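Shown next, in C-alpha coordinates, is the structure this report addresses.
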Protein chains: 2
Amino acid sequence: MISESSKRKISESTIHRLSLYYRVLSVLEKENKETVSSKELAKREKLTPAQVRKDLSFFGSFGTRGLGYPVMELKRQIGDILGLNRTWNVALIGVGNIGSALVGYKEFQRQGFQIRIIFDNDQRKIGSNHKGIQVADIGNLEKELKESKIEIVVIAVPATVAQYIVDDVVKAGIKAILNFAPVNLKVPEDVFLRNENMSMELEYLSFALINLQNGKRA
Amino acid sequence: MISESSKRKISESTIHRLSLYYRVLSVLEKENKETVSSKELAKREKLTPAQVRKDLSFFGSFGTRGLGYPVMELKRQIGDILGLNRTWNVALIGVGNIGSALVGYKEFQRQGFQIRIIFDNDQRKIGSNHKGIQVADIGNLEKELKESKIEIVVIAVPATVAQYIVDDVVKAGIKAILNFAPVNLKVPEDVFLRNENMSMELEYLSFALINLQNGKRA
DNA sequence: TAACAATTGTGAATTGATTCACATTCATTT
DNA sequence: AAATGAATGTGAATCAATTCACAATTGTTA
(Lines give C-alpha, C1' and ligand atoms only; values in the text may rest on other atoms or scores of the structure.)
Protein backbone atom coordinates (compact mmCIF):
# COMPACT_ATOMS: atom_id res chain seq x y z
CA MET A 1 0.00 0.00 0.00
CA ILE A 2 1.34 3.38 -0.93
CA SER A 3 1.48 6.15 1.61
CA GLU A 4 -1.48 8.34 2.41
CA SER A 5 0.31 11.47 1.31
CA SER A 6 1.18 10.14 -2.13
CA LYS A 7 -2.32 8.91 -2.81
CA ARG A 8 -3.57 11.99 -4.57
CA LYS A 9 -0.53 12.68 -6.67
CA ILE A 10 0.17 9.75 -8.94
CA SER A 11 -1.00 10.36 -12.44
CA GLU A 12 -2.86 8.00 -14.68
CA SER A 13 0.02 8.12 -17.16
CA THR A 14 2.42 6.93 -14.50
CA ILE A 15 0.22 3.94 -13.76
CA HIS A 16 -0.10 3.13 -17.44
CA ARG A 17 3.64 3.26 -17.77
CA LEU A 18 4.00 0.90 -14.81
CA SER A 19 2.05 -1.57 -16.92
CA LEU A 20 4.62 -1.14 -19.66
CA TYR A 21 7.53 -1.59 -17.27
CA TYR A 22 5.92 -4.73 -15.92
CA ARG A 23 5.60 -6.09 -19.42
CA VAL A 24 9.24 -5.39 -20.26
CA LEU A 25 10.40 -6.84 -16.96
CA SER A 26 8.56 -10.06 -17.75
CA VAL A 27 10.48 -10.29 -21.01
CA LEU A 28 13.79 -9.47 -19.31
CA GLU A 29 13.10 -12.14 -16.74
CA LYS A 30 12.64 -14.70 -19.51
CA GLU A 31 15.91 -13.48 -21.03
CA ASN A 32 17.53 -14.19 -17.67
CA LYS A 33 18.70 -10.62 -17.21
CA GLU A 34 19.48 -9.97 -13.55
CA THR A 35 19.48 -6.20 -13.61
CA VAL A 36 18.29 -3.48 -15.91
CA SER A 37 19.05 0.24 -16.06
CA SER A 38 16.50 2.98 -16.48
CA LYS A 39 18.19 3.61 -19.82
CA GLU A 40 17.51 0.12 -21.10
CA LEU A 41 14.01 0.04 -19.67
CA ALA A 42 13.25 3.38 -21.33
CA LYS A 43 14.66 2.26 -24.66
CA ARG A 44 12.42 -0.79 -24.75
CA GLU A 45 9.26 1.30 -24.41
CA LYS A 46 10.39 4.43 -26.22
CA LEU A 47 10.49 6.58 -23.10
CA THR A 48 13.25 8.56 -21.39
CA PRO A 49 15.42 7.22 -18.56
CA ALA A 50 14.41 10.18 -16.40
CA GLN A 51 10.77 9.32 -16.88
CA VAL A 52 11.35 5.75 -15.76
CA ARG A 53 13.24 6.83 -12.67
CA LYS A 54 10.69 9.48 -11.77
CA ASP A 55 7.79 7.06 -12.17
CA LEU A 56 9.40 4.48 -9.94
CA SER A 57 10.45 7.08 -7.39
CA PHE A 58 6.78 7.75 -6.56
CA PHE A 59 6.63 4.30 -5.03
CA GLY A 60 10.03 3.91 -3.46
CA SER A 61 13.66 3.36 -4.43
CA PHE A 62 14.12 0.00 -6.03
CA GLY A 63 17.45 0.44 -7.75
CA THR A 64 21.11 0.37 -6.91
CA ARG A 65 23.24 3.32 -7.97
CA GLY A 66 25.80 2.31 -10.52
CA LEU A 67 24.02 -0.96 -11.24
CA GLY A 68 20.38 -0.48 -12.09
CA TYR A 69 17.27 -2.31 -10.98
CA PRO A 70 17.03 -6.01 -10.06
CA VAL A 71 14.69 -7.45 -12.69
CA MET A 72 12.83 -10.04 -10.64
CA GLU A 73 12.51 -7.86 -7.59
CA LEU A 74 11.29 -4.83 -9.50
CA LYS A 75 8.77 -6.93 -11.38
CA ARG A 76 7.43 -8.21 -8.08
CA GLN A 77 7.23 -4.71 -6.63
CA ILE A 78 5.39 -3.29 -9.62
CA GLY A 79 3.17 -6.34 -9.55
CA ASP A 80 2.30 -5.51 -5.96
CA ILE A 81 1.52 -1.91 -6.84
CA LEU A 82 -0.67 -2.88 -9.79
CA GLY A 83 -2.23 -5.83 -8.01
CA LEU A 84 -0.95 -8.40 -10.46
CA ASN A 85 0.50 -10.76 -7.87
CA ARG A 86 -2.96 -12.04 -7.03
CA THR A 87 -6.10 -13.03 -8.85
CA TRP A 88 -9.19 -10.94 -9.44
CA ASN A 89 -12.67 -12.31 -9.88
CA VAL A 90 -14.05 -10.79 -13.03
CA ALA A 91 -17.50 -10.97 -14.57
CA LEU A 92 -18.17 -10.35 -18.22
CA ILE A 93 -21.49 -8.94 -19.35
CA GLY A 94 -22.37 -9.53 -22.97
CA VAL A 95 -20.90 -12.35 -24.97
CA GLY A 96 -21.14 -10.99 -28.49
CA ASN A 97 -18.23 -10.09 -30.70
CA ILE A 98 -16.03 -8.37 -28.20
CA GLY A 99 -17.15 -10.39 -25.22
CA SER A 100 -16.21 -13.67 -26.89
CA ALA A 101 -12.77 -12.35 -27.69
CA LEU A 102 -12.21 -11.32 -24.10
CA VAL A 103 -13.13 -14.76 -22.77
CA GLY A 104 -10.36 -16.29 -24.80
CA TYR A 105 -7.83 -13.51 -24.24
CA LYS A 106 -4.88 -15.23 -22.61
CA GLU A 107 -3.24 -11.98 -21.52
CA PHE A 108 -5.99 -11.35 -18.96
CA GLN A 109 -5.61 -14.71 -17.32
CA ARG A 110 -1.85 -14.42 -17.29
CA GLN A 111 -2.17 -11.24 -15.26
CA GLY A 112 -4.57 -12.72 -12.78
CA PHE A 113 -7.86 -11.47 -14.20
CA GLN A 114 -10.10 -14.52 -14.08
CA ILE A 115 -13.45 -14.40 -15.80
CA ARG A 116 -15.62 -16.40 -13.41
CA ILE A 117 -19.03 -15.83 -14.90
CA ILE A 118 -20.60 -14.45 -18.06
CA PHE A 119 -23.97 -12.71 -18.29
CA ASP A 120 -26.15 -12.38 -21.33
CA ASN A 121 -29.80 -11.74 -22.08
CA ASP A 122 -29.98 -14.16 -24.99
CA GLN A 123 -32.02 -17.18 -23.88
CA ARG A 124 -30.12 -19.42 -26.30
CA LYS A 125 -26.85 -18.59 -24.59
CA ILE A 126 -28.03 -18.67 -20.96
CA GLY A 127 -27.22 -21.88 -19.17
CA SER A 128 -24.65 -22.90 -21.74
CA ASN A 129 -20.93 -23.02 -21.34
CA HIS A 130 -18.70 -20.55 -23.13
CA LYS A 131 -15.16 -21.88 -23.19
CA GLY A 132 -15.79 -23.51 -19.86
CA ILE A 133 -17.47 -20.54 -18.23
CA GLN A 134 -21.10 -20.57 -17.21
CA VAL A 135 -23.39 -18.12 -18.98
CA ALA A 136 -25.91 -16.72 -16.50
CA ASP A 137 -29.12 -14.78 -16.98
CA ILE A 138 -28.57 -11.05 -16.72
CA GLY A 139 -31.79 -11.04 -14.71
CA ASN A 140 -29.93 -12.67 -11.82
CA LEU A 141 -27.11 -10.19 -11.94
CA GLU A 142 -27.04 -9.09 -8.32
CA LYS A 143 -27.39 -12.55 -6.85
CA GLU A 144 -24.81 -14.14 -9.11
CA LEU A 145 -22.27 -11.33 -8.75
CA LYS A 146 -22.37 -11.77 -5.00
CA GLU A 147 -22.21 -15.56 -5.11
CA SER A 148 -19.18 -15.46 -7.39
CA LYS A 149 -17.52 -12.78 -5.24
CA ILE A 150 -16.95 -10.64 -8.33
CA GLU A 151 -14.63 -7.66 -7.90
CA ILE A 152 -14.42 -6.27 -11.43
CA VAL A 153 -17.11 -6.19 -14.11
CA VAL A 154 -16.38 -5.91 -17.81
CA ILE A 155 -19.17 -4.46 -19.94
CA ALA A 156 -19.34 -5.61 -23.55
CA VAL A 157 -22.93 -4.90 -24.50
CA PRO A 158 -24.37 -2.52 -27.12
CA ALA A 159 -24.03 1.18 -26.32
CA THR A 160 -27.79 1.60 -26.19
CA VAL A 161 -28.25 -0.61 -23.14
CA ALA A 162 -24.93 -0.09 -21.39
CA GLN A 163 -26.18 2.58 -18.97
CA TYR A 164 -29.06 0.40 -17.71
CA ILE A 165 -26.71 -2.47 -17.13
CA VAL A 166 -24.10 -0.40 -15.41
CA ASP A 167 -26.80 0.96 -13.10
CA ASP A 168 -27.62 -2.59 -12.04
CA VAL A 169 -23.95 -3.43 -11.63
CA VAL A 170 -23.50 -0.45 -9.36
CA LYS A 171 -26.60 -1.44 -7.37
CA ALA A 172 -25.01 -4.84 -6.85
CA GLY A 173 -22.14 -3.09 -5.06
CA ILE A 174 -19.41 -3.46 -7.68
CA LYS A 175 -16.71 -0.79 -7.41
CA ALA A 176 -14.67 -1.35 -10.57
CA ILE A 177 -16.01 -1.42 -14.10
CA LEU A 178 -14.32 -1.70 -17.46
CA ASN A 179 -16.54 -0.48 -20.27
CA PHE A 180 -16.13 -1.47 -23.91
CA ALA A 181 -19.34 0.18 -25.10
CA PRO A 182 -18.70 3.42 -27.00
CA VAL A 183 -20.69 5.62 -24.65
CA ASN A 184 -19.97 7.74 -21.58
CA LEU A 185 -21.45 5.96 -18.59
CA LYS A 186 -22.49 7.66 -15.37
CA VAL A 187 -21.44 6.05 -12.10
CA PRO A 188 -21.30 7.30 -8.51
CA GLU A 189 -18.12 8.92 -7.21
CA ASP A 190 -16.96 5.83 -5.37
CA VAL A 191 -17.07 3.52 -8.38
CA PHE A 192 -14.02 3.27 -10.65
CA LEU A 193 -14.96 3.29 -14.29
CA ARG A 194 -12.50 2.95 -17.14
CA ASN A 195 -13.30 2.98 -20.82
CA GLU A 196 -11.76 0.95 -23.59
CA ASN A 197 -12.60 2.78 -26.78
CA MET A 198 -11.53 0.54 -29.59
CA SER A 199 -12.04 3.01 -32.43
CA MET A 200 -10.20 5.90 -30.86
CA GLU A 201 -6.75 4.83 -31.95
CA LEU A 202 -7.99 3.97 -35.42
CA GLU A 203 -9.42 7.46 -35.63
CA TYR A 204 -6.09 8.85 -34.53
CA LEU A 205 -4.41 7.02 -37.40
CA SER A 206 -6.98 8.38 -39.77
CA PHE A 207 -6.29 11.89 -38.47
CA ALA A 208 -2.55 11.35 -38.75
CA LEU A 209 -2.75 10.14 -42.34
CA ILE A 210 -4.71 13.19 -43.36
CA ASN A 211 -3.02 15.87 -41.31
CA LEU A 212 0.47 14.81 -40.35
CA GLN A 213 1.50 13.00 -43.47
CA ASN A 214 4.48 15.14 -44.45
CA GLY A 215 6.92 16.71 -42.06
CA LYS A 216 7.45 15.64 -38.51
CA ARG A 217 4.91 13.89 -36.38
CA ALA A 218 2.88 15.71 -33.76
CA MET B 1 -6.35 20.22 -44.08
CA ILE B 2 -5.19 22.16 -41.07
CA SER B 3 -2.67 24.94 -41.42
CA GLU B 4 1.04 24.38 -41.60
CA SER B 5 1.68 26.36 -38.46
CA SER B 6 -0.75 24.37 -36.33
CA LYS B 7 0.58 21.02 -37.50
CA ARG B 8 3.07 20.54 -34.73
CA LYS B 9 0.96 21.76 -31.88
CA ILE B 10 -2.16 19.69 -31.55
CA SER B 11 -1.93 17.18 -28.77
CA GLU B 12 -2.94 13.58 -28.85
CA SER B 13 -5.45 14.24 -26.08
CA THR B 14 -7.16 16.87 -28.17
CA ILE B 15 -7.55 14.42 -31.05
CA HIS B 16 -8.90 11.76 -28.73
CA ARG B 17 -11.43 14.25 -27.40
CA LEU B 18 -12.48 15.10 -30.93
CA SER B 19 -13.46 11.44 -31.21
CA LEU B 20 -15.63 11.89 -28.15
CA TYR B 21 -17.23 15.04 -29.48
CA TYR B 22 -17.96 13.28 -32.74
CA ARG B 23 -19.65 10.49 -30.86
CA VAL B 24 -21.83 12.87 -28.85
CA LEU B 25 -22.71 14.87 -31.93
CA SER B 26 -23.92 11.69 -33.63
CA VAL B 27 -26.25 11.11 -30.71
CA LEU B 28 -27.43 14.72 -30.67
CA GLU B 29 -28.10 14.50 -34.38
CA LYS B 30 -30.34 11.49 -33.79
CA GLU B 31 -32.09 13.43 -31.04
CA ASN B 32 -32.76 16.15 -33.64
CA LYS B 33 -30.93 18.80 -31.66
CA GLU B 34 -30.01 21.70 -33.94
CA THR B 35 -27.40 23.37 -31.77
CA VAL B 36 -25.35 22.45 -28.75
CA SER B 37 -23.34 24.55 -26.33
CA SER B 38 -19.84 23.76 -25.13
CA LYS B 39 -21.45 23.35 -21.72
CA GLU B 40 -23.76 20.58 -22.87
CA LEU B 41 -21.08 18.92 -24.97
CA ALA B 42 -18.75 18.94 -21.98
CA LYS B 43 -21.36 17.54 -19.65
CA ARG B 44 -21.99 14.57 -21.90
CA GLU B 45 -18.36 13.50 -21.82
CA LYS B 46 -17.42 14.67 -18.34
CA LEU B 47 -15.15 17.47 -19.51
CA THR B 48 -15.15 21.23 -18.98
CA PRO B 49 -16.75 23.74 -21.38
CA ALA B 50 -13.44 25.58 -21.65
CA GLN B 51 -11.75 22.40 -22.74
CA VAL B 52 -14.29 21.84 -25.48
CA ARG B 53 -13.94 25.38 -26.78
CA LYS B 54 -10.16 25.31 -26.65
CA ASP B 55 -10.02 21.97 -28.49
CA LEU B 56 -12.27 23.20 -31.27
CA SER B 57 -10.46 26.53 -31.49
CA PHE B 58 -7.33 24.75 -32.74
CA PHE B 59 -9.20 23.96 -35.93
CA GLY B 60 -11.33 27.05 -36.47
CA SER B 61 -14.38 28.77 -35.05
CA PHE B 62 -17.43 26.69 -35.60
CA GLY B 63 -19.85 28.23 -33.12
CA THR B 64 -22.10 31.23 -32.84
CA ARG B 65 -21.75 33.40 -29.76
CA GLY B 66 -24.87 33.35 -27.71
CA LEU B 67 -26.15 30.23 -29.47
CA GLY B 68 -23.63 27.43 -29.48
CA TYR B 69 -22.51 25.04 -32.21
CA PRO B 70 -24.66 23.75 -35.07
CA VAL B 71 -24.82 20.00 -34.48
CA MET B 72 -24.82 18.69 -38.03
CA GLU B 73 -22.29 21.16 -39.28
CA LEU B 74 -19.87 20.60 -36.39
CA LYS B 75 -20.15 16.86 -36.79
CA ARG B 76 -19.27 17.20 -40.44
CA GLN B 77 -16.31 19.45 -39.64
CA ILE B 78 -14.90 17.12 -36.99
CA GLY B 79 -15.53 14.25 -39.37
CA ASP B 80 -13.38 16.04 -41.94
CA ILE B 81 -10.60 16.61 -39.41
CA LEU B 82 -10.61 12.99 -38.27
CA GLY B 83 -11.14 11.59 -41.74
CA LEU B 84 -14.44 9.95 -40.92
CA ASN B 85 -16.36 11.35 -43.88
CA ARG B 86 -14.72 8.85 -46.18
CA THR B 87 -13.81 5.19 -46.15
CA TRP B 88 -10.45 3.65 -45.36
CA ASN B 89 -9.21 0.37 -46.72
CA VAL B 90 -8.08 -1.68 -43.76
CA ALA B 91 -6.32 -5.03 -43.62
CA LEU B 92 -6.43 -7.28 -40.59
CA ILE B 93 -3.54 -9.58 -39.81
CA GLY B 94 -4.35 -12.49 -37.55
CA VAL B 95 -7.82 -13.86 -37.18
CA GLY B 96 -7.68 -15.41 -33.74
CA ASN B 97 -9.58 -14.24 -30.71
CA ILE B 98 -9.18 -10.52 -31.11
CA GLY B 99 -9.04 -10.52 -34.86
CA SER B 100 -12.38 -12.28 -35.16
CA ALA B 101 -13.99 -9.75 -32.88
CA LEU B 102 -12.67 -6.88 -34.94
CA VAL B 103 -14.07 -8.31 -38.16
CA GLY B 104 -17.56 -8.19 -36.69
CA TYR B 105 -17.14 -4.89 -34.89
CA LYS B 106 -19.87 -2.68 -36.33
CA GLU B 107 -18.42 0.52 -34.91
CA PHE B 108 -15.44 0.32 -37.28
CA GLN B 109 -17.59 0.02 -40.38
CA ARG B 110 -19.89 2.77 -39.21
CA GLN B 111 -16.91 5.12 -39.09
CA GLY B 112 -15.67 4.18 -42.52
CA PHE B 113 -12.99 1.67 -41.57
CA GLN B 114 -13.59 -1.19 -44.00
CA ILE B 115 -11.74 -4.43 -43.47
CA ARG B 116 -11.03 -5.49 -47.06
CA ILE B 117 -8.76 -8.44 -46.50
CA ILE B 118 -7.61 -10.69 -43.69
CA PHE B 119 -4.23 -12.38 -43.42
CA ASP B 120 -3.35 -15.46 -41.46
CA ASN B 121 -0.69 -18.13 -41.50
CA ASP B 122 -3.03 -20.99 -40.64
CA GLN B 123 -3.47 -23.14 -43.75
CA ARG B 124 -6.94 -24.15 -42.59
CA LYS B 125 -8.09 -20.55 -42.60
CA ILE B 126 -6.37 -19.36 -45.79
CA GLY B 127 -8.67 -19.22 -48.79
CA SER B 128 -11.77 -19.36 -46.66
CA ASN B 129 -14.24 -16.60 -46.06
CA HIS B 130 -14.49 -14.97 -42.66
CA LYS B 131 -17.80 -13.12 -42.41
CA GLY B 132 -17.62 -12.39 -46.10
CA ILE B 133 -13.99 -11.34 -46.14
CA GLN B 134 -11.32 -13.31 -47.92
CA VAL B 135 -8.54 -14.79 -45.78
CA ALA B 136 -5.22 -14.51 -47.62
CA ASP B 137 -1.88 -16.15 -47.01
CA ILE B 138 0.43 -13.95 -44.97
CA GLY B 139 3.13 -15.04 -47.40
CA ASN B 140 1.54 -12.87 -50.08
CA LEU B 141 1.35 -9.84 -47.83
CA GLU B 142 3.04 -7.25 -50.01
CA LYS B 143 1.26 -8.23 -53.22
CA GLU B 144 -2.18 -8.41 -51.63
CA LEU B 145 -1.80 -5.18 -49.65
CA LYS B 146 -1.05 -3.35 -52.85
CA GLU B 147 -3.80 -4.98 -54.86
CA SER B 148 -6.39 -4.13 -52.20
CA LYS B 149 -5.05 -0.58 -51.91
CA ILE B 150 -4.78 -0.97 -48.15
CA GLU B 151 -4.13 2.21 -46.16
CA ILE B 152 -4.26 0.99 -42.58
CA VAL B 153 -3.14 -2.36 -41.16
CA VAL B 154 -4.43 -3.82 -37.92
CA ILE B 155 -2.14 -6.29 -36.20
CA ALA B 156 -3.80 -8.96 -34.07
CA VAL B 157 -1.15 -11.67 -33.88
CA PRO B 158 0.73 -13.08 -30.89
CA ALA B 159 3.29 -10.73 -29.35
CA THR B 160 6.12 -13.10 -30.21
CA VAL B 161 5.72 -12.69 -33.96
CA ALA B 162 4.35 -9.15 -34.14
CA GLN B 163 7.68 -7.47 -34.89
CA TYR B 164 8.44 -9.73 -37.86
CA ILE B 165 5.04 -9.05 -39.30
CA VAL B 166 5.19 -5.33 -38.77
CA ASP B 167 8.57 -5.30 -40.54
CA ASP B 168 6.93 -6.85 -43.58
CA VAL B 169 4.00 -4.47 -43.40
CA VAL B 170 6.39 -1.52 -43.36
CA LYS B 171 8.32 -2.99 -46.31
CA ALA B 172 5.05 -3.11 -48.21
CA GLY B 173 4.83 0.65 -47.84
CA ILE B 174 2.03 0.90 -45.26
CA LYS B 175 2.17 4.13 -43.24
CA ALA B 176 -0.45 3.50 -40.54
CA ILE B 177 -0.56 0.54 -38.18
CA LEU B 178 -2.80 -0.31 -35.25
CA ASN B 179 -1.22 -2.87 -32.96
CA PHE B 180 -3.17 -5.09 -30.57
CA ALA B 181 -0.20 -7.25 -29.58
CA PRO B 182 1.11 -6.42 -26.10
CA VAL B 183 4.59 -5.48 -27.24
CA ASN B 184 6.40 -2.30 -28.26
CA LEU B 185 6.97 -2.44 -31.99
CA LYS B 186 9.72 -0.57 -33.82
CA VAL B 187 8.78 1.26 -36.99
CA PRO B 188 10.53 3.95 -39.05
CA GLU B 189 9.89 7.63 -38.32
CA ASP B 190 7.47 8.07 -41.17
CA VAL B 191 5.13 5.26 -40.14
CA PHE B 192 2.31 5.97 -37.71
CA LEU B 193 1.96 3.28 -35.10
CA ARG B 194 -0.70 3.23 -32.41
CA ASN B 195 -1.15 0.62 -29.73
CA GLU B 196 -4.33 -0.79 -28.28
CA ASN B 197 -3.37 -2.35 -25.00
CA MET B 198 -6.39 -4.20 -23.76
CA SER B 199 -5.09 -5.06 -20.31
CA MET B 200 -3.88 -1.59 -19.42
CA GLU B 201 -7.23 -0.30 -18.23
CA LEU B 202 -7.92 -3.49 -16.35
CA GLU B 203 -4.60 -3.05 -14.61
CA TYR B 204 -5.56 0.51 -13.78
CA LEU B 205 -8.73 -0.76 -12.13
CA SER B 206 -6.71 -3.27 -10.19
CA PHE B 207 -4.38 -0.49 -9.06
CA ALA B 208 -7.33 1.70 -8.12
CA LEU B 209 -9.00 -1.00 -6.04
CA ILE B 210 -5.85 -1.59 -4.07
CA ASN B 211 -4.55 1.96 -3.72
CA LEU B 212 -7.37 4.42 -4.09
CA GLN B 213 -10.15 2.55 -2.41
CA ASN B 214 -10.91 5.00 0.37
CA GLY B 215 -10.82 8.74 0.08
CA LYS B 216 -10.91 10.68 -3.14
CA ARG B 217 -9.90 9.34 -6.51
CA ALA B 218 -6.59 10.24 -8.13
C1' DT C 1 42.46 1.30 -1.20
C1' DA C 2 42.01 4.97 -4.24
C1' DA C 3 40.29 6.32 -8.53
C1' DC C 4 36.89 5.53 -11.96
C1' DA C 5 32.71 4.44 -14.31
C1' DA C 6 27.99 3.67 -14.10
C1' DT C 7 23.65 4.75 -12.67
C1' DT C 8 20.17 6.09 -9.25
C1' DG C 9 17.09 9.45 -6.92
C1' DT C 10 15.42 13.95 -6.87
C1' DG C 11 14.96 19.05 -6.43
C1' DA C 12 14.77 22.69 -9.94
C1' DA C 13 13.72 24.14 -14.48
C1' DT C 14 11.13 23.64 -18.33
C1' DT C 15 7.58 22.40 -21.23
C1' DG C 16 2.87 21.29 -22.00
C1' DA C 17 -2.11 21.07 -20.92
C1' DT C 18 -5.99 22.86 -18.66
C1' DT C 19 -8.70 26.31 -16.66
C1' DC C 20 -9.90 31.06 -15.90
C1' DA C 21 -11.98 35.14 -17.02
C1' DC C 22 -13.62 38.43 -19.95
C1' DA C 23 -14.29 41.12 -24.22
C1' DT C 24 -16.99 40.09 -28.13
C1' DT C 25 -20.84 38.68 -30.69
C1' DC C 26 -25.30 37.26 -31.78
C1' DA C 27 -30.40 36.32 -31.00
C1' DT C 28 -34.23 37.81 -28.61
C1' DT C 29 -37.19 40.68 -26.17
C1' DT C 30 -39.22 44.97 -24.97
C1' DA D 1 -33.38 50.31 -31.63
C1' DA D 2 -31.74 49.68 -27.19
C1' DA D 3 -31.21 46.49 -23.56
C1' DT D 4 -30.64 41.78 -22.08
C1' DG D 5 -28.94 37.22 -21.85
C1' DA D 6 -26.33 33.48 -23.57
C1' DA D 7 -22.39 31.56 -25.15
C1' DT D 8 -18.10 31.76 -28.03
C1' DG D 9 -13.10 32.44 -28.74
C1' DT D 10 -8.86 33.38 -26.69
C1' DG D 11 -4.90 35.53 -24.12
C1' DA D 12 -3.29 35.06 -19.47
C1' DA D 13 -2.86 32.39 -15.39
C1' DT D 14 -2.55 28.21 -13.29
C1' DC D 15 -1.71 23.54 -12.76
C1' DA D 16 0.49 19.19 -14.16
C1' DA D 17 3.94 16.38 -16.41
C1' DT D 18 8.38 15.86 -18.20
C1' DT D 19 13.10 16.67 -18.54
C1' DC D 20 17.38 18.41 -16.78
C1' DA D 21 21.31 18.15 -14.19
C1' DC D 22 23.88 16.78 -10.55
C1' DA D 23 25.10 15.06 -5.87
C1' DA D 24 25.16 10.55 -3.91
C1' DT D 25 26.15 5.86 -4.08
C1' DT D 26 27.75 1.51 -5.54
C1' DG D 27 30.64 -1.97 -8.04
C1' DT D 28 34.90 -2.57 -10.44
C1' DT D 29 39.51 -1.94 -11.71
C1' DA D 30 44.28 -0.67 -11.19
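The values are calculated or read from the model by the stated rules, or taken from the named source; none is laboratory data. Computed from a predicted model, the values in this text were never measured in an experiment. Heads up, the Cβs are rebuilt from the backbone with ideal geometry, glycines too, and the neighbour counts pull from every protein chain shown. Areas reflect the complete protein model, heavy atoms only, side chains present, ligands, DNA and RNA absent. Shrake-Rupley method; radii C 1.70, N 1.55, O 1.52, S 1.80 Å.
Near residue B:37, the amide H atoms lying under 5 Å from its own belong to B:69; only residues 5 or more places off or on other chains count, and H is placed 1.01 Å from N.
Across q = 0.16, 0.26, 0.27 Å⁻¹, the range B:12-82 modelled as identical point scatterers on its alpha-carbon atoms has Debye log10 I(q)/I(0) values of -0.45, -1.37, -1.51, in the order of the q list. Take the alpha carbon gyration tensor of chain A, find the square roots of its eigenvalues, order them as a ≥ b ≥ c, and report rounded if a/c is under 1.5; if not, report prolate when a/b exceeds b/c, else oblate. Verdict is prolate for chain A. Simple point charges give the picture: +1 on the Cβ of Lys and Arg, -1 on the Cβ of Asp and Glu, and for chain B a dipole about the Cα centre of about 860 debye. Per-residue ellipticity at 222 nm from helix content only, as computed over the protein assembly as shown with -39500 (n - 2.57) for each DSSP H run of at least four residues, stands at -12500 deg cm²/dmol. Lysine pair count for the range A:88-200 with Cα-Cα distance under 20 Å and sequence separation of 8 or more or different chains is 10. For the protein assembly as shown, a simple Cβ point-charge model (Lys and Arg +1, Asp and Glu -1, everything else neutral) yields a dipole of about 900 debye relative to the Cα centre.
Applied to the range B:166-181, the Karplus parametrisation 6.51 cos²θ - 1.76 cosθ + 1.60 on θ = phi - 60° returns per-residue 3J(HN,Hα) values of 5, 4, 5, 4, 5, 4, 6, x, 6, 10, 9, 9, 10, 10, 9, 6 Hz, with x for Gly and Pro.
When the protein assembly as shown is described by a simple charge dipole with +1 on each Lys and Arg Cβ and -1 on each Asp and Glu Cβ, the residue from A:18, A:154, A:182 located farthest towards its positive end is A:18.
Given a cut-off of under 8 Å on Cα pairs at least six residues apart, what relative contact order in percent is computed for chain B? Write out the running numbers ahead of the final one.
Values: 278 pairs, mean separation 28.4, N = 218.
13 percent.
Per-residue 3J(HN,Hα) values for the range B:133-145, derived from phi via the Karplus relation 6.51 cos²θ - 1.76 cosθ + 1.60 with θ = phi - 60°, read 10, 5, 9, 9, 6, 4, x, 9, 3, 4, 4, 5, 4 Hz in sequence order (x marks Gly and Pro).
Ignoring ligands, DNA and RNA, what accessible area per residue does the protein assembly as shown give at 1.4 Å, in Å²? It would help to have the intermediate numbers written out before the result.
Working: 20830 Å² over 436 residues.
On a per-residue basis, the protein assembly as shown sits at 48 Å².
Which of the GluC sites (Glu not before Pro) across the range A:127-218 are loop residues per DSSP, with 10 or fewer other Cβ within 10 Å? Listed in order of number, the matching sites are A:189.
The alpha-carbon atoms of the protein assembly as shown, seen along their principal axes, cover 53, 50, 48 angstrom, with the largest extent given first. Using the alpha-carbon positions of the range A:88-200, Rg (one decimal) and Dmax (whole number) come out as 12.8, 36 Å. Contact-buried residues of the range B:55-101, at a threshold of 20 Å² lost accessible area versus the chain by itself: B:81, B:82, B:88, B:97, B:98, B:101 (1.4 Å probe; DNA, RNA and ligands ignored). The H on the amide N of residue B:154, modeled in the peptide plane, is under 5 Å from the matching H of B:91, B:92, B:93, B:178, each at least 5 residues off or on a different chain.
Tell me which B residue has its C-beta closest to the axis rotating B onto A, and the distance in Å? Closest Cβ on chain B to the axis mapping it onto A, in Å: B:101, 2.
At a 1.4 Å probe radius, carbon and sulfur cover how many percent of the accessible area of the protein assembly as shown? Before the final figure, lay out the partial values.
Values: 10520 of 20830 Å².
For the protein assembly as shown, the apolar C and S fraction of the accessible surface comes to 50 percent.
State, in square angstrom and to the nearest 100, the accessible area buried between chains B and A, both chains counted, probe radius 1.4 Å. Present the calculation step by step, with values, prior to reporting the outcome.
Values: alone 14090 and 14090 Å², together 20830 Å².
The contact between A and B buries close to 7300 Å².
Each other copy places its own label point for residue A:149 at 5.8 nm from this one, sorted shortest first, where the point lies 7 Å along the Cα-to-beta carbon line. Backbone amide hydrogens, once placed in the peptide plane, bring residue A:191 within less than 5 Å of nothing, excluding anything fewer than 5 places away on its chain.
Working note: Karplus 6.51/-1.76/1.60 with θ = phi - 60° gives the range B:91-100 the couplings 10, 10, 10, x, 10, x, 3, 5, x, 4 Hz, where Gly and Pro are set to x. Counting from the shortest, the label point at residue B:89, 7 Å from Cα toward Cβ, is 5.1 nm from the same position in each remaining copy.
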